[in-house]
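Below you'll find the structure, written out as structure tokens, and then a few comments.
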Amino acid sequence: MNLLLRNEFMKLKRLKSLYIIFFLSFLPFLINGIGLLSMGGEQTWTRFYMFVFNQYSVLFPTVIFIFSGFYFYLEFKNKTVLNWMSYPYPRFKLIMSKLIAAFILLFLISAINHIIHLGTLFVVFGSGMTTSEFWKLPLTSFTSTTLSLLTIPVAALIAFVSRNIIVVMVSGVAAFMIMTILLASDVSIAFPFSFIYRFSIQMVEHSMGYSSVLLSASGAFIMFAYVTISLAGLYVYSHKTRM
């Protein structure tokens, strides 16, 4: 697996789209950082954190879908899928190496974003925060990121089945729209990204989470069902005789 992962990271290094993804991931921080400077004393750590977190939670799922889908679609676009699948390794292992590489890369980009965001927040507002208040923030941010990245197999399956980057991009935009529509209701447990937002944010603001443990558990079950079904779909696809 280490050799396969190194091979995937070599492919990622050649992707020019990485710079775009890196820039897009910082938009919520940049926009609210400018707002922080312009508003001066009117800003609070709660408002600053929530503004950035809210925008990032909406943007990041779209980034995951579009980047992950495009990463898999490139094998079809470059007509390298047959060569890739002919490596002397189980096909599903090849797919898993690409999933893991995408997870690690996007996690690192997200981690850099969170560290800069929270570092800025601590420097500006740290004196007005308690230790328990501050440590809820990285827990919330990294929980949201990690759970969101578990949906990469969904985007990968869409890319494999459709073999069309437009379908992948539309799916990413649709994920954003569905998330915002369902976010305020308990029906949000039916869609992974809206569930992840509500589940994560309750660590900072309990009233924005779910009213019962049963709802949270149901949302987690549904989300992992999405991921499991997608992995099963990729496993079946990897065993097709014709790609």
Exercise for the section: Please indicate, with yes or no, whether at least one residue in the stretch 123-133 is open to solvent by less than 10 Å² (accessible area, probe 1.4 Å) and over 11 Å from the mean Cα position of the chain (by Cα). Expected result: no
Practice task
Give the residue that is nearest to Gly233 (Cα to Cα), with candidates limited to residues of the stretch 173-196 that are surrounded by 22 or more Cβ atoms within 10 Å (Cβ to Cβ) and touching a residue at least 40 places away in the same chain (Cβ under 8 Å).
Solution key: Pro192
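If we scan the stretch 185-204, do we find a residue that is assigned to a helix (DSSP H, G or I), farther than 18 Å from Ser216 by Cα and out of contact with any Lys or Arg (no Cβ under 7 Å at 6 or more places or on another chain)? First the steps, then the outcome.
The initial filter retains those residues of the stretch 185-204 that are assigned to a helix (DSSP H, G or I), namely 186-190, 192-201.
Cutting the leftovers down to farther than 18 Å from Ser216 by Cα gives us none.
No, the stretch 185-204 has no match at all.
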Problem - Number of the exception - Ile100 against (1) touching a residue at least 24 places away in the same chain (Cβ under 8 Å); (2) open to solvent by 50 Å² or more (accessible area, probe 1.4 Å); (3) over 21 Å from the mean Cα position of the chain (by Cα) - result: (3)
Completion exercise
Inside the stretch 144-169, the number of residues satisfying the requirement of being buried (at least 16 other Cβ atoms within 10 Å of the Cβ) and in a helix (DSSP H, G or I) is 18
Handout entry: Test: Ala174 is within 17 Å of the chain's Cα centre (by Cα) and farther than 15 Å from Leu147 by Cα
Key = yes
Fill in the blank from the handout: Scanning the stretch 31-71 residue by residue, those at pLDDT below 80, assigned to a helix (DSSP H, G or I) and not small (Gly, Ala, Ser) turn out to be Ile31, Asn32, Ile34, Leu36, Leu37, Met39, Glu42
Practice task
Would you mention how many residues in the stretch 127-154 are of a type in the set (A, V, I, L, M, F, W, C), farther than 14 Å from Gln202 by Cα and without any contact (Cβ under 8 Å) to a residue 24 or more places away in the chain?
Solution key: 1
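The values are calculated or read from the model by the stated rules, or taken from the named source; none is laboratory data. Every value quoted in this text rests on a predicted model; they were computed, and no experiment measured them. Positions of Cβ are generated from backbone atoms using ideal geometry, with glycine treated the same way; all protein chains shown enter the neighbour counts. SASA here: full protein model, heavy atoms, side chains in, ligands and nucleic acids out. Shrake-Rupley method; radii C 1.70, N 1.55, O 1.52, S 1.80 Å.
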